[in-house]
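The values are calculated or read from the model by the stated rules, or taken from the named source; none is laboratory data. Everything numeric in this text was worked out from a predicted model, so none of it was measured. As a convention, Cβ positions derive from the backbone with ideal geometry for all residues, glycine included, and neighbour counts pool all protein chains shown. Each accessible area value is taken on the protein alone, full model and side chains, heavy atoms only, with ligands, DNA and RNA left out. Shrake-Rupley method; radii C 1.70, N 1.55, O 1.52, S 1.80 Å.
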Amino acid sequence: MTLEELDRDLVFAFLDELEEKRNNSITTRNARLAAIRSFFRRRLPPTRRSSALPNAC
């Protein structure tokens with residue numbers, strides 16, 4: 001998988017799987033989302049950041 005393949009829908013599908021199928025808590029989901037957002041802030045150019053980063057749930 002490349003960085004270009006990651007999008008909002010894929011991230012949310014991953015987070016939903018954590019919560020629903022793996023029975024992780026919402027705290028775990030939010031911690032993963034924070035880590036993903038931090039990663040994107042450092043890797044994406046400023047013009048792509050606002051459209052690529054999912055908002056907190």
Would you mind telling me which numbered condition in (1) in a helix (DSSP H, G or I); (2) open to solvent by 50 Å² or more (accessible area, probe 1.4 Å); (3) modelled with pLDDT of 90 or more; (4) not polar (S, T, N, Q) Arg22 fails?
(1)
Would you call Ala56 at pLDDT below 90, touching a helix residue (DSSP H, G or I) at 6+ places or on another chain (Cβ under 8 Å) and surrounded by fewer than 11 Cβ atoms within 10 Å (Cβ to Cβ)?
yes
